[in-house]
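Enquirer: What follows is a structure written as structure tokens; I'll ask about it next.
The values are calculated or read from the model by the stated rules, or taken from the named source; none is laboratory data. These numbers were taken from a predicted model, which means no experiment stands behind them. Cβ placement follows ideal geometry from the backbone for every residue including glycine, while neighbour counts extend to all protein chains displayed.
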Amino acid sequence: SKPANNDENYAVNWCGWGYEANVTPKQMTGTIPKLKELGIHWATLDDRWFSDYGDWLPRTDTFPGDAIQQLVKEFHQQGIKMQLWWLPLAVEDGKYRYEEHKYVVSDVVKEHPDWLILDKNGQPARMARNLATLCPALPEVQDYYKKLTEGFIRDWDFDGHKLDNIYSVPPCYNSKHHHKSPNDSVYAMGDVYKIIFETTRALKPNSITQSCPCGTPPSLAWFRYLDQAVTADPVGSLQVRRRIKMYKALLGPRAAIYGDHVELTRLLGANTSHEQDVGSDFASSLGAGGVLGTKFTWPDYGPQYKAVFLNDQKMDHWKKWIALYNQKMLSKGNFLDLYVYGYDSPEAYAIEKDGNLFYAFYAPSDAGQSDAGSPTPGTWKGDVELRGLATKPYRVLDYANNKDYGTVSGPAPRLHVEFQDHLLLQATPASASAANSAQGTP
């Protein structure tokens, strides 16, 4: 069974992917003042900090010498924990490339060519990004990933992982492995993820192992061995919300589900080489019970990062929603399956936490949108039903805008509302609400 979550699994995360593949230590540490101002104490060093897939050594052009260890030290000195991006089981064998990175031959492949998964023709079998693959069924390979994990967490002092582009591995026809079936490699994939997860938890109990199957459903091979699932490169707000609900159904009503970068809630030119991630819809993650994330850049490094630069106007918006998230912590609440897609309109979610019921309603996007990732916010006018209440009076508040909707009585009162895009409501037992008012608390 999956181990219980720790409190850190629900913390807001900033990811350095706003700077994309050639991020530098200066760019990473430059964001620290804004992270502290926003109350964010987790950061991620994302893709391409490394020289090659497989050896996982720092790039000498962007992270020379002990730059990565110093980076972690500086973040820790400011009270910020760090995750590291990597892709288990992937290695380079000198063929193909990914974007600007041309593959070399990893040292681990030079030293242990017999560890490779081979296809039916005796050639290295491919996994994500057209990479060659180490066979997870081999004890030597499992031990290799235990040592790598210890190096990242104990020696470099990272606090967790962002395991990305993880789908499955190919069947293995390498006769030197003496498999009972070519699918032994597929079945053993989870063993490597178990080793990474358990080794990390043993070294740092309050760590985060995040697993992202970019744009696809998760694999049952590694599904138990994570702290935090991810909505995995969503294209717009709708996918964020629906993937959160899917993961809550699979992992449990209090599972930690990272809503991915908020910038992905609205995309211009989605799935093209000119894509710009310009979203700011924190309400989709917060209201559905997800964990907030962002990949803003700061300070201003010019037009290349304009879409994700945290200007003053955005800063006010980010500050409001992150503070609201940290206050409510609905991601730690009990997700209730009270509304059904396709039948209930508007789209709705309910979470129970500390004796209160929290509701999130989302208006259908306006018709005629030109880009699936960039819909026009819709409006809703009509009745919504507040399900799951006990048979007693409740005070209802729009907690995002501090609007009082008065008192309703359970179990399923209807409330006439009008809103644009989203409506987030908190229903508090009237007796508790009166007590809070007397004490001056919301």
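Enquirer: Looking only at region 72-86, decide whether some residue is modelled with pLDDT of 95 or more, under 23 Å from S285 (Cα atoms), of a type in the set (K, R) and in contact with an Asp or Glu (Cβ under 7 Å, 6 or more places away or on another chain).
Expert: Yes, the conditions are met somewhere in region 72-86.
Enquirer: Select from region 221-239 the residues that are in contact with a helix residue (DSSP H, G or I) (Cβ under 8 Å, 6 or more places away or on another chain) and part of a strand (DSSP E or B) and write down the one among them that is surrounded by the most Cβ atoms within 10 Å (Cβ to Cβ).
Expert: Q228
Enquirer: When you check Y19 against the structure, is it touching a helix residue (DSSP H, G or I) at 6+ places or on another chain (Cβ under 9 Å), over 17 Å from F158 (Cα atoms), assigned by TED's automatic domain parsing to the domain that holds L220 and part of a loop (DSSP other than H, G, I, E, B), yes or no?
Expert: Numbers: touching a helix residue (DSSP H, G or I) at 6+ places or on another chain (Cβ under 9 Å): yes; over 17 Å from F158 (Cα atoms): yes; assigned by TED's automatic domain parsing to the domain that holds L220: yes; part of a loop (DSSP other than H, G, I, E, B): no.
No: the conditions fail for Y19.
Enquirer: Of the residues in region 307-362, how many are of a type in the set (V, I, T) and part of a strand (DSSP E or B)? Give the derivation first.
Expert: Taking region 307-362 first, the residues of a type in the set (V, I, T) are 308, 322, 340, 351.
From what is left, the residues that are part of a strand (DSSP E or B) are 351.
Within region 307-362, residues that are of a type in the set (V, I, T) and part of a strand (DSSP E or B) number 1.
Enquirer: Specify which of the listed residues (G293, G279, G302, G269) is over 15 Å from G18 (Cα atoms) and either touching a strand residue (DSSP E or B) at 6+ places or on another chain (Cβ under 6 Å) or not β-branched (V, I, T) (or both). Steps first, please.
Expert: Working: G293 fails: over 15 Å from G18 (Cα atoms); G279 fails: over 15 Å from G18 (Cα atoms); G302 fails: over 15 Å from G18 (Cα atoms).
Result: G269 is the single residue among G293, G279, G302, G269 that is over 15 Å from G18 (Cα atoms) and either touching a strand residue (DSSP E or B) at 6+ places or on another chain (Cβ under 6 Å) or not β-branched (V, I, T) (or both).
Enquirer: May I ask you to list the residues in region 397-417 that are closer than 18 Å to D344 by Cβ and within 33 Å of the chain's Cα centre (by Cα)?
Expert: Correct list: V417 only.
Enquirer: Go through the residues of region 169-182 one by one and say whether even a single one is part of a helix (DSSP H, G or I) and out of contact with any helix residue (DSSP H, G or I) (no Cβ under 8 Å at 6 or more places or on another chain). Steps first, please.
Expert: To start, the set of residues in region 169-182 that are part of a helix (DSSP H, G or I) comprises 175-177.
Of the ones still in play, those that are also out of contact with any helix residue (DSSP H, G or I) (no Cβ under 8 Å at 6 or more places or on another chain) are 175.
For region 169-182, residues part of a helix (DSSP H, G or I) and out of contact with any helix residue (DSSP H, G or I) (no Cβ under 8 Å at 6 or more places or on another chain): present.
Enquirer: Just give me the residues in region 22-45 being surrounded by fewer than 21 Cβ atoms within 10 Å (Cβ to Cβ) and either part of a helix (DSSP H, G or I) or not assigned by TED's automatic domain parsing to the domain that holds Q77 (or both), in sequence order.
Expert: N22, P25, K26, Q27, T29, G30, I32, P33, K34, K36, E37
Enquirer: In region 129-147, which residue that is touching a helix residue (DSSP H, G or I) at 6+ places or on another chain (Cβ under 8 Å) and in a helix (DSSP H, G or I) is surrounded by the most Cβ atoms within 10 Å (Cβ to Cβ)?
Expert: Taking the candidates together, the pick is V141.
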